[in-house]
Amino acid sequence: MQNIFERIIKISLHALTFLTPLFFLPFSFEAFEFNKQYLLFFLVSLSFFCFLAKMALVDKELRFKRTPLDFFVLGFLLVAILSAIFSVDKTSSLFGFYGRFTGGLIGLLSMVMLYFVVTNNLEVGRIKGLLKAAICSGCTAVLLTYLGIFGVLGKLAFLPITMKQLVFNTTSASLEGFSVFLAVLITLLTGLMLSGIDQGRGRNIMHWVLLIASLGLMALIDFTPAWLVLLITLTLFVALSLWKRVFKDNVNRLLIPIFLIIIAAVLISFNVQTVVAGLPREQVLDQTTSWGVGLNSATSNVKSAFLGSGIGTFHYDFAKEKPLSFNQNWLWQIRFDRAGSYVAEVLATTGFLGILLYLSIVGLFLIMSYFVMQQGSGASPLLMVFTALLVAQFFYYQNTVLGFLFWLILALSVISWQKPMKEKVISFKEFPELSLVFSTVVIIIGVAILGTYFYATKFYLADMNY
């Protein structure tokens, strides 16, 4: 029985890591985010229930690993729940704005459950396996995007219309979102190369091929925020490495990130779209307007100052708080449902209390990572990837893939710390009453999850018919 629960959790986490950047279905109104949210909630809730059932039925004890971030993570979730309860648009707060389908309470709940499932069920030795799955997923996504951009997929009659579009990629509905994902992928590859983790000759060649292919796609897409993510992340890494003399035995290894920094700096100032055929562009709300809307929304009244307008309701904030000068912009007719910065969106939708707790999670994580990171440890690539995902949140909104990777890398990094984690164990043999209560809670959660699956299926069928 124990092996069954552990196997389901392991398979679910590996499947999520590999499938989330790739998963889409052409049956719904929106093919990407809507279906990724379903995949995320289904597999995370399944693994979370197995985690609880294993304690109740097999271990006969309450076993929980405490991390320094737990209270801040739960605090941020609590603020999001209160924000949804008092939201100006409860439907959007629960599911996410229709057509976008991210940023809602269900999505955040899935991410938080993922965090606790990973920190309580994964050991340090399992991190490599998930990183391999992430790289294989990225490799597949890069290959499919090349086939889409150069029109190969469009010539295959049996493929759905979604795959025949010039901007087709599996991670996002736009190439700009995919470009940010590529910046994160390149950062991961760079970190693995520098750390020497799992570097056989064949795997090293594959990493170089994938890195070069990813750079080529980033150059074709030519999205400035993605280059900024790569530039800032690697610059911070090189500066920290030189300061702490991380590579004093072989400082030439830093030539890899330095080379990438130079490429990013050059291509930020060079408009590739003037040389190659232009690809369709996503219109992203500019940073000035995003932060202006976020600040005005958070300061509009007392309730908004604490809880914001409601998680997932940036469309309301934009319609209410956009400056008059925006009506003179050529994008005046677009009603933006997402900010150009995820951090600005958190400020608008969850208020100062939400942004304070969110930044507390990030700040405490970075401080802890700085103190526990050792020279040559496996934590370095994870810290680099987390930094890239964090920087991306200041220059781009958060889609399902970026959000999933943020919480996954956060959890994996906490596992890599090892020492700050403390395990709390309460045996049911000593407290039989607690066994009854906990088993009842597990049954209630199981029934609630099954009920959610039922209504989610009806919701999906309704969207298909629509």
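Here are a few things to note about the model shown:
- Ordered by 1.4 Å accessible area with all protein chains kept, M368, M384 run largest first as M368, M384.
- Put a plus charge on the Cβ of each Lys and Arg, a minus charge on the Cβ of each Asp and Glu, and nothing anywhere else: the dipole of region 53-152 about its Cα centre is then about 240 debye.
- Dipole of the chain, positive end: most advanced residue of F49, L383, G202 [Cβ charges, Cα centre]: G202
- Each peptide in 56-63, 221-228 receives the mean, over its residues, of other Cβ atoms within 10 Å, and ordering these scores from highest gives 221-228, 56-63.
- Cβ charges +1 (Lys, Arg) and -1 (Asp, Glu), total dipole of region 221-369, debye: 320 debye
- Ordering P280, F247, F18 by the projection of their Cα atoms onto the charge dipole of the chain, which places +1 on the Cβ of Lys and Arg and -1 on the Cβ of Asp and Glu, puts F247 at the extreme positive end.
- Among the trypsin sites (Lys or Arg not before Pro) within region 235-330, those in coil by DSSP and having at most 11 neighbouring Cβ atoms inside 10 Å are R245, K248.
- Coil-residue trypsin sites (Lys or Arg not before Pro) of region 374-466, DSSP, other Cβ within 10 Å capped at 12: K429
- Whole-percent carbon and sulfur share, accessible surface of the chain, 1.4 Å: 69 percent
- Think of a 1.4 Å ball rolled over the protein heavy atoms: the chain then has 45 Å² of accessible area per residue.
- Charged side chains reduced to their Cβ positions (Lys and Arg at +1, Asp and Glu at -1) give the chain a dipole of some 840 debye around its Cα centre.
- The figure for I449 is an accessible area of roughly 20 square angstrom, using a 1.4 Å probe on the protein chains alone.
- Solvent accessible area, Å² - E6, 1.4 Å probe, full protein context: 80 Å²
- Judged by the ratio a/c of the largest to the smallest principal axis of the C-alpha gyration tensor, region 373-466 counts as oblate, that ratio being 1.5 or greater while a/b is no larger than b/c.
- Shape descriptor for the chain: Rg over Rh equals 0.96 (Cα atoms; Rh from the Kirkwood inverse mean 1/r).
- The chain: DSSP helices with Cα axial extent of at least 15 Å and average Kyte-Doolittle hydropathy no lower than 1.6: 70-85, 105-121, 175-195, 224-244, 255-269, 342-372, 379-395, 400-417
- Accessible-area order (highest first, 1.4 angstrom probe) of the listed residues R66, R7: R7, R66
The values are calculated or read from the model by the stated rules, or taken from the named source; none is laboratory data. Here the structure is a predicted model, which means the values were calculated and not measured. Cβ: placed from backbone, ideal geometry, glycine included. Neighbour counts: every protein chain shown. When the accessible area is computed, the model is the full protein with side chains, heavy atoms only, and any ligands, DNA or RNA have been set aside. Shrake-Rupley method; radii C 1.70, N 1.55, O 1.52, S 1.80 Å.
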